[in-house]
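Enquirer: Quick one: this structure, given as structure tokens, is what I'll be asking you about.
Values in this text are rule-based calculations from the coordinates and carry no lab data. Computed from a predicted model, the values in this text were never measured in an experiment. Neighbour counts are summed over all protein chains in view; Cβ atoms, including those assigned to glycine, are modelled from backbone coordinates with ideal geometry.
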Amino acid sequence: MRAKAIALRNACDPGLGAQMAKHILHDCMPKPGTVVAGFWPLPGEIDIRHLLHKLATVGYDVVLPVTPERGNPLTFRKWNIEDALLAGRYGTQHTDGVEMTPDFLLVPLLGFDAAGNRLGYGGGYYDRTLAALPGAFLLGCAFAAQEFAEIPAGPADIKLHAIATETGIRQFR
């Protein structure tokens, strides 16, 4: 399923992230004062950098994940537009800003379904992290083409509250 999801994702234009950002800013804007966790897109992922810039420009604290050793949850460090990025594990990038706890997460994924299940990359980083943030709003970020009829989900899998794609926002709970 991951191989199929990667192929579907790679057939899409990462630049569609600008359209996705418009939907988020219009229909799913975080409340003022919210700490927003983003991610620096990996090759092929929908590009959320325009959204991150906009949120930071209007005063949100934006944080980027730091991928720790396997088996541990992510930590998040404050990002400023002028910050240099550091190379992280698995091709990720992050800052060395102050560590902060997010309450609104933009979640990368390989696939999703209409029930709010997400297919991640297989390391369990987001599952461990999201389980530790039970009050946080979870907004998946993907291309519409990454939707599957059903994503297998187990007891440790955390459902998304909503998904943002280039076609709009879909609420799940």
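Enquirer: Could you give the dipole magnitude of the chain about its Cα centre, charging the beta-carbon of Lys and Arg +1 and that of Asp and Glu -1, in debye to the nearest 20?
Expert: 200
Enquirer: Would you please classify the overall shape of the stretch 98-139 from the alpha carbon gyration tensor, given that a ≥ b ≥ c denote the square roots of the eigenvalues, rounded means a/c under 1.5, and beyond that prolate means a/b larger than b/c while oblate covers the rest?
Expert: Since a/c reaches 1.5 and a/b is larger than b/c, the shape of the stretch 98-139 is classed as prolate.
Enquirer: Grab the alpha carbons of the chain, take their convex hull, and tell me the volume per residue in Å³.
Expert: Convex hull volume per residue, Cα atoms: 109 Å³.
Enquirer: Expressed as a rounded percentage, what relative contact order does the stretch 1-125 have, with Cα pairs under 8 Å and six or more residues apart?
Expert: About 25 percent, as a whole number.
Enquirer: Ranked by Cβ crowding within 10 angstrom, fewest neighbours first, how are 96, 157 ordered?
Expert: Arranged by neighbour count, lowest to highest, 96, 157 become 96, 157.
Enquirer: Arrange 60, 121, 126, 90 by Cβ neighbour counts within 10 Å, fewest through most, would you?
Expert: 90, 121, 60, 126
Enquirer: Now for a different question. Roughly what would the spin-label model give for residue 13 and residue 54, points 7 Å off Cα along C-beta, in nm?
Expert: With each label point 7 Å from Cα toward Cβ, the separation is 1.7 nm.
Enquirer: Let a ≥ b ≥ c be the square roots of the eigenvalues of the Cα gyration tensor of the stretch 1-78; is it rounded (a/c under 1.5), or, if not, prolate (a/b larger than b/c) or oblate?
Expert: Cα axes put the stretch 1-78 in the oblate bin.
Enquirer: According to a simple spin-label model (label point 7 Å from Cα along Cα-to-Cβ), what is the distance in nm between residue 23 and residue 127?
Expert: Distance between label points: 2.6 nm.
Enquirer: From the phi of every residue in the stretch 87-99, what ³J(HN,Hα) in whole Hz does the Karplus formula 6.51 cos²θ - 1.76 cosθ + 1.60 yield, where θ is phi - 60° and glycine or proline is x?
Expert: Rounded to whole hertz, the list is 6, x, 5, 6, x, 6, 9, 8, 9, 10, x, 5, 6.
Enquirer: Using θ = phi - 60° and the Karplus form 6.51 cos²θ - 1.76 cosθ + 1.60, what ³J(HN,Hα) does each residue of the stretch 141-155 get, whole Hz, x for Gly and Pro?
Expert: 10, 7, 7, 4, 5, 8, 7, 10, 4, 7, 9, x, 9, x, x
Enquirer: With a cap of 13 neighbouring Cβ atoms within 10 Å, and only residues DSSP puts in a loop, list the trypsin sites (Lys or Arg not before Pro) found in the stretch 3-108.
Expert: 70
Enquirer: Another question, if that's okay. Go ahead and estimate [θ] at 222 nm for the chain from helices alone: -39,500 (n - 2.57) per DSSP H run with n ≥ 4, summed, over the residue count, rounded to 500.
Expert: Calculated mean residue ellipticity at 222 nm is -6000 deg cm²/dmol.
Enquirer: When 169, 81 are ordered from fewest to most other Cβ atoms inside 10 Å of their Cβ, what list results?
Expert: In increasing order of surrounding Cβ atoms, one gets 81, 169.
Enquirer: Going by Cα centres, the stretch 1-29 and the stretch 44-101 are how many Å apart?
Expert: So the separation of the two Cα centres works out to 18 Å.
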